[in-house]
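Single-structure report; data block below.
The values are calculated or read from the model by the stated rules, or taken from the named source; none is laboratory data. Small disclaimer: the values here were computed from a predicted structure and weren't measured. Reconstructed Cβ throughout: ideal geometry from the backbone, glycine too, with neighbour counts over all protein chains shown.
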Ligand SMILES: Nc1ncnc2c1ncn2[C@@H]1O[C@H](COP(=O)(O)OP(=O)(O)O)[C@@H](O)[C@H]1O
Ligand SMILES: [Mg+2]
């Protein structure tokens, strides 16, 4: 199963094992790329957080991956394979090979995530690594995959850096990013809250928080807002009261929470407990904004999210054919609707499989070529393009709001606006994305 | 002029005056005994010599150096070794290592990063340690764990550790306490022969008057923190002040064990 | 060549043989069998065995010999990693300058922390080291982000200066090397159903492990080592024997800090990334567990403890429900589900529980750690063999 060979590989010679009482042995074939599948199956590596602040997202990603594998192998109802504009997937695995998978726990720590990805590549012979719910981890694992010569299909990662200064030729991101959130949110916020606003940012202290904060600040300031303060909070924080307390006396009338997952649930709850939402500041109602929203978070924060604006990559209430097909097969299997984390990871798996089919190989360079500039539809986001220059998907962005009258525990967000792709698009050399280089695709061996 | 000069030393513990204007002069090459009833302040006095305690007032001069305000290891490097009332040994190390450590400390000083030579390659140290263990009759037990020895053996080991450093001044706090009669005899012989051979100055606290009178060339009697008499052994026997000090305990002529 | 005794030479030789044959020893199960899950002979894990072995050997010089329990050794590991990655970014991808800097920086850092922490002993010393390590972690995590790249971790990029390296024309990230030998090069050998991997990086780590082990033997047997053990048993007596214990403990602290720095540097050499969580207190605690589990104060114990824990972390954590169902699919469904449910507690995410139980059992029944277990087995074997010998002797005499 695992034939891990690499550039500079020395071929096994018969003399090595000659002294050992072992059965016959075959010299390892000089493969063209890392972990080229030889048998009747191909192994994918699903590297998701199973512990730590993003464990909920990780669990949902894993559900989506299992569903995707089932569909690729011809099981279930086929899900979005039926609505996908590309028709090369037939339910016969990938390139005729049955899809198998291994899983690992990123613990939302770069070290652990890389160790886990490494063992999937080295021990289990994974030919592609995917998953994750933190940009820090995505960037770390993307770097590893680039070195090892396997494809990395990013999971939920929203930092500009993933396809900005830390972009890699072997890495691909379907999810949207901080810049897009800013570009989509700012006009809506301007329309609802006016031009004359003072914003206070609480920001998760790592690559995602930094770049999202930078993006939101730039986009809102362009609409006339003023930024009062930006305070960085460690990812491991659970009690945000000491961060929320100073907000009231700062003169700010908007609190922007650049937090995700458990962080956001805790900071929002804390802000609501401090009564921020009932306050009048500068003659205006005090508002809270959560630029990156997810249903899992909204559910965790409960009542507190009502009326709060944010953006999201995808929401299960969308009524296009792709979304409906996905929600149906996910719901049938698990009994509840999928999250945006589940959606993006499911789509990434299908996109990867499709690229393999279209290029006729698992070779990362072939797959990469097939993905670059690939235009598709029917995957829940409308027409989408994988931009060749930075491996970022460009598509419409959803602006959402915490629902005032939820009908179920899953029905917590409502789509306020679908911001068209043209409004969130940016140049490859945009300053917020500059400073890195894609490099060349690395097939490994 | 003695090798150790103690002048006007006072030491209190809270309200308790453990030492009161103590003056003491220990002559080089002599064995000087310090006796006195329990709680008289004998151990406290020795503690002031080795840096374990600092006197409230007074001076302690050894061989031209003040012993006050310097660290125990510095005092030892000046040539003062001490056997404690309860044996202080490296109980989790072997008898052999216990004996080697002071030898190395003597040769290499208070710190040397001697991390690459093998202990067993230091032949001079091994010879010294072996000789010392033969002298105290522990050579057969050299591979034993120090903690597994009898109390008497531990005392002799500690004595060997101190003697192996060739100290200029050896302080012994009740060296024979807890020893069998025969061991006490051999310890006396050992100390005598050492004194004869090496001319090591010794200050010895002892309860066993037999030991005191057979060893000491000079005796100081301590009572309630004060030196009441200092004289040669012959004059101490039957001295009225000494009798008074021990009143209610045993006779000075007798065996004044109080434990 | 009589720098170490015959017995020690034997131990060293034993470790060398194990290290050399590790790719075989750790891959006992055919690749396609269900038991392949338990194979540990892949480069990443083998490298970790060696690297954590070095770390534990160094830690043992401090804890095993002097008894000073540091809860902050992960900080030195982290500092070593950051230093190494910076060398890869600034100088070249050669691991030698990186390792040299790792050891030096970790040494200086431990000198500073040791100097302050060693003013206290016992639990206060432990708390001080813990506090320093947590401080270093917090600094690395946020304040020193320009140096450490915060939560994402410090990585190499195409744009790094690397002043000694030839210009990169491949467009790919460069890889760590030892004068041209790439750390990631792996030579795969298939023998029937088995698959063995010989990785350059692993063997480099193994060589450093042997050097580290050899140096530790020398230190254990030296007058310096003897003084350190004396510190552990009676610091008072040592003081009254003319030894200034502070520089001894500080030297031990710095030496073990440098070992940790080397381990951190090697970790970055195998995978050029340094993350702040490497410095977290849990990582420091893991080092303590390794040492105690293997046998505190023994030469070989810490290496075994390190291997034991890393094996659990990497192998048991990978056994998920799917794998379990695969194993027990031959059982009737109900029974299968019950068994999987029970085992689920101990595998996958539950590996901590398994490790905790093992740790408890070992500490209770084998206070001397795995080494005590080994020597008990050894003694039992000898006794049994002794009986056999006696028997065979008596029979031969009878025959004569
Ligand atoms: N560290 C100490 N703290 C308080 N009191 C002490 C201390 N050391 C000795 N003492 C007291 O000082 C007096 C003298 O004790 P010590 O010198 O041990 O007597 P001895 O002559 O029997 O050796 C005793 O009353 C003892 O209780
Ligand atoms: Mg006393």
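For the reader, a short list of remarks on this structure follows.
- Number of positions in the stretch B:35-82 that are within 12 Å of ligand 2 (Cβ to nearest atom) and buried (at least 17 other Cβ atoms within 10 Å of the Cβ): 11
- Among the residues of the stretch A:181-195, not a single one is within 19 Å of the chain's Cα centre (by Cα) and within 12 Å of chain C (Cβ to nearest Cβ).
- Residues (more than 18 Å from the chain's Cα centre (by Cα), within 10 Å of another protein chain (Cβ to nearest Cβ) and surrounded by fewer than 16 Cβ atoms within 10 Å (Cβ to Cβ)) located in the stretch C:305-357: C:321, C:322
- Evaluation of residue C:155 against the conditions (1) within 12 Å of chain A (Cβ to nearest Cβ); (2) surrounded by fewer than 22 Cβ atoms within 10 Å (Cβ to Cβ) shows that the sole unmet condition is (2).
- Filter result (touching a residue at least 60 places away in the same chain (Cβ under 8 Å), touching a strand residue (DSSP E or B) at 6+ places or on another chain (Cβ under 8 Å) and not in a helix (DSSP H, G or I)) within the stretch A:45-81: A:45, A:46, A:47, A:48, A:49
- The condition of being more than 14 Å from ligand 1 (Cβ to nearest atom), over 30 Å from residue C:253 (Cβ atoms) and assigned by TED's automatic domain parsing to the domain that holds residue B:204 holds for only one of B:64, B:41, that being B:64.
- Checking residue B:90 against (1) closer than 20 Å to residue B:162 by Cα; (2) modelled with pLDDT under 95, the condition it does not meet: (2)
- Selection status of residue B:19, away from every other protein chain (no Cβ under 14 Å), within 13 Å of ligand 1 (Cβ to nearest atom) and in contact with a helix residue (DSSP H, G or I) (Cβ under 7 Å, 6 or more places away or on another chain): yes
- When the stretch B:167-183 is filtered for residues that are away from ligand 2 (no atom under 16 Å from the Cβ) and under 13 Å from the mean Cα position of the chain (by Cα), the ones remaining, listed by number, are B:167, B:168, B:169, B:170.
- Count - residues of the stretch B:145-199 that are on the phi > 0 side of the Ramachandran plot, out of contact with any strand residue (DSSP E or B) (no Cβ under 8 Å at 6 or more places or on another chain) and within 16 Å of ligand 1 (Cβ to nearest atom): 1
- Criterion: surrounded by fewer than 21 Cβ atoms within 10 Å (Cβ to Cβ) and under 26 Å from the mean Cα position of the chain (by Cα) - qualifying residue of C:195, C:185: C:185
- Scanning the stretch B:24-38 for residues that are more than 7 Å from ligand 1 (Cβ to nearest atom), in a loop (DSSP other than H, G, I, E, B) and within 21 Å of residue B:236 (Cβ to Cβ) returns B:27, B:29, B:30, B:37.
- Residue within the stretch B:15-23 that is without any contact (Cβ under 8 Å) to a residue 40 or more places away in the chain, part of a loop (DSSP other than H, G, I, E, B) and more than 16 Å from ligand 2 (Cβ to nearest atom) present: yes
- The listed residue being away from ligand 2 (no atom under 16 Å from the Cβ) and over 29 Å from residue B:60 (Cα atoms), out of B:126, B:105: B:126
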